[in-house]
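The values are calculated or read from the model by the stated rules, or taken from the named source; none is laboratory data. Bear in mind the structure is a predicted one, so any value in this text is a computation, not a measurement. Backbone-built Cβ (ideal geometry, glycine too); neighbour counts: all protein chains shown. Note: areas computed on protein heavy atoms with side chains; ligands, DNA, RNA excluded. Shrake-Rupley method; radii C 1.70, N 1.55, O 1.52, S 1.80 Å.
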Amino acid sequence: MSTPFDFSRFLEEQLLAAAKSAGLPESFEPGVRPTEPRFGDYQANGVLPCAKQAKTNPRQLATQLVEALDNVEGFPKDDISVEIAGPGFLNFKLSPALLLDWLKEFSDEDALKKGAGSLLAGETVVVDFPSPNTAKQMHIGHLRPMVIGEAVKRLLAFAGAKVIHDDHLGDWGTNFGTLIMAIKRAGVTLDPNDPEALPKIEKLYKEGTALEKEDPALRDVSRNELVKLQHGDAENTGLWKQIVTISGKAFNEVYGILGIHPDLTYGESHYRDRVDRIYTELTDCGLAETSEGALVVFHPEHPRFAEQPFIIRKADGASNYASTDLATVLLRVEELHADRIVYFTDGRQQDHFQQLFLTTEKWFQEKKHDLPALQHVWWGSILGEDGKAIKTRSGEPILLRQLLDEAVNRAYTIVAEKNPELPEEVKQQVARSVGIGAVRYADLSQNRTQDYAFAWSKLLAFEGNTAPYLLYAGARIHSIFRKLDLDPYAGDFAAEATAPETDTELALARKLAAFPTALELALGDLRPHFLCTYLYELTGLFSSFYNADRVMVEEADVKARRLLLCARTLLVLETGLRMLGLEPVEQM
Ligand code: ARG
């Protein structure tokens, strides 16, 4: 038997096979999860609900199941011990020899990826982020879509999904009317090569809205500019194109710093001629109705959406966010063959997505389109140290470029102070990794649906659940191998390794073999913080091991197994960090 990658899944499968041969009800779900070390490595708690349903004694059912498990072909009974505990829990313990097999088998990132690749194999997932609105500079509000989106994208790809990344730019809104009005009034020409072009556009827009407030007649002028744009007027189309180009250029700079590389950037404008089909189909199947001149969808069964309309065409006939999003789902199914679509925005858009998903479900069922799984990954706000929404002193949003530059500068100061001997080039590279990594990690390590406070001192700290702590732990393992002139990613030192023995070795080995469970948890509801917690705990167990068990001992087999544990900790740590979007360093 080859070593299972994911022991909890493996036990699930084995228990299902055992349940079948023991004649347990079809509804039996094993419910395997990692457990506290005093109980073992994994626990299955599915017997109890099953016994309750079948009205039998749970301990008796558990005994039957364990007997059947013994006879399941391929169940390694010498290496996995089972015990019935309490009212009918099953506790499993892996042998040190099995842990050693795991450590030897999963020896590089490809091996881990191959192991994880069966989780989502064959699934095509479209991820939609950061999808900013054009004509505005990226600010701190755009951090979470990029950081969370990229981590989830990498997680999905690691688990074997075919991921298509579509950056759904907000490039077709009513704001273009105001913007074009303001540009024409100011008589300016836009220059895509001007590095200040986007800030200038942003300023013009603000001036435009202020003017409209003062002089309501200007609103009609703006509306007229918008209608002209929508009807393909050459001058307005030219201006619009320039604005989109200038925005895209500025976005790409920030994307580059954060390693964001969309496959597609269709944007809302891509759907401007595709919305008519939406109106027809939704009206055809009786979902959409006219209300006060607008085309809307209600959901009578829903507590709020029975009254609160989902407006899919405005009273003036224009398309909107909802119509383009409906057309987008259709395109992603028909042209991209999406099995799942994941949207990333902050929590304020929850209603929009609930209405979008409800509407799509009903419409697709009526029209017999293939319904993909639809997921909205949302999050809370970033707060300042005062607990209020974060802003600059003058009340403006903090620009993302500036925030990221500051992160790298602060990290540079720390790195230069801690390790002045590092060559300048390395210092700069480490500062980038630590600075950007710290901003990312502070965001990802929180449960995303909660708000979090942005504090430089906390995110750049070398203690606690932070990027510097984890990056430093990796660098320390690199230095162990450097001193021995060994390559942690070449396995030759591991040949003589014996199975883990001491408590600290065993605890570390178990944690390493539980990496797949952390991945599954993070994938479950697309919450990367589960992976962060895992890496933090892994690093803590590594420290305990490294303090308690000397690596450089005489006995070749003991030394080999300890080096093996060091190397695999590094592998899992670096693989995990990269998945979160961080760049590991070899020294710092
Ligand atoms: N442009 C939107 C915003 O800035 C986010 C778009 C998210 N994607 C989508 N398909 N609705 O809020």
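Brief remarks follow.
- Ranked by solvent-accessible area (1.4 Å probe, protein heavy atoms only, all chains present), the residues Cys50, Cys285 order from largest to smallest as Cys285, Cys50.
- Top positive-direction residue, dipole computed over the chain with Cβ charges, set Val47, His261, Ala234: Ala234
- Remark: the Leu16-Glu73 segment gains 19.3 nm on full extension, using 0.36 nm per residue and subtracting the alpha carbon distance.
- Intensity falloff of the chain expressed as log10 I(q)/I(0), Debye formula with alpha-carbon point scatterers, at q = 0.07, 0.10, 0.12 Å⁻¹: -0.54, -1.00, -1.25
- Solvent-accessible area of segment 310-412 (1.4 angstrom probe, protein heavy atoms only): carbon and sulfur portion equals 46 percent.
- Segment 419-439 and segment 347-366: distance between their alpha carbon centers, rounded to Å: 45
- Taking segment 360-497 and dividing mean pair separation by its residue count, relative contact order in percent (alpha carbons under 8 Å, at least six apart): 23
- Computed over the chain: relative contact order in percent, which uses C-alpha pairs under 8 Å that are six or more apart: 15
- Seen against the Cα atoms of the chain and their longest principal axis, helix 217-230 is set at about 60 degrees.
- Label-point separation in nm, Arg550 to Asp487, each point 7 Å along Cα→Cβ: 3.0
- The residues of the chain expose, per residue, 46 Å² of accessible area to a 1.4 Å probe.
- The mean sequence distance of close C-alpha pairs (under 8 Å, at least 6 residues apart), as a share of the length of segment 291-413, puts its relative contact order at 18 percent.
- Dipole of the chain [Lys/Arg +1, Asp/Glu -1 at C-beta], most positive-end residue of Leu11, Val275, Gly88: Val275
- At the listed q of 0.16, 0.18, 0.21 Å⁻¹, the Debye profile of segment 3-145, built from one uniform point per Cα, gives log10 I(q)/I(0) equal to -0.88, -1.03, -1.26.
- Between segment 60-97 and segment 113-158, the alpha-carbon center distance in angstrom: 39
- Label positions at Phe39 and Glu463, each projected 7 Å from the Cα along the C-beta direction, are separated by 3.2 nm.
- Taking 37 °C and 0.692 mPa s as conditions, segment 123-258 diffuses translationally at an estimated 201 µm²/s according to Stokes-Einstein applied to its Kirkwood radius (Cα pairs).
- Per residue, the chain reaches -17000 deg cm²/dmol at 222 nm when only DSSP H runs of four or more residues are counted, each adding -39500 (n - 2.57).
- For segment 525-573 versus segment 230-301, the gap between their alpha-carbon centres in whole angstrom: 49
- Here segment 385-518 is assigned +1 on the Cβ of each Lys and Arg and -1 on the Cβ of each Asp and Glu. Its dipole about the Cα centre then comes out at about 540 debye.
- Compared with the dominant principal axis of the Cα atoms in the chain, helix 58-70 is inclined by about 80°.
- Note on the chain: with charges restricted to the Cβ of Lys and Arg (+1) and Asp and Glu (-1), its dipole about the Cα centre is near 920 debye.
- Full-stretch length increase - Thr413, Lys203 - with 0.36 nm per residue and alpha-carbon distance subtracted: 72.2 nm
- When the surface is traced with a 1.4 Å probe over the full set of protein chains, Lys391 keeps roughly 120 Å² accessible.
- The eigenvalues of the Cα gyration tensor, multiplied by 5 and square-rooted, give segment 420-468 an equivalent ellipsoid with semi-axes of 25, 10, 8 Å from largest to smallest.
- Its Cα centre serving as origin, segment 1-61 has a Cβ charge dipole (Lys and Arg +1, Asp and Glu -1) of approximately 300 debye.
- Calculated diffusion of segment 116-194, Stokes-Einstein form, Kirkwood radius summed over Cα pairs, 37 °C and 0.692 mPa s, µm²/s: 215
- The residue list Cys285, Leu336, Met138 was ranked by how far each Cα lies along the charge dipole of the chain toward its positive end, using unit charges on Cβ atoms, and Met138 comes out on top.
- When its C-alpha radius of gyration is set against 2.2 N^0.38 Å (N residues), segment 318-402 gives a value of 1.46.
- Working from label points 7 Å from Cα in the Cα-to-Cβ sense, the Thr189 to Asp405 distance is 2.9 nm.
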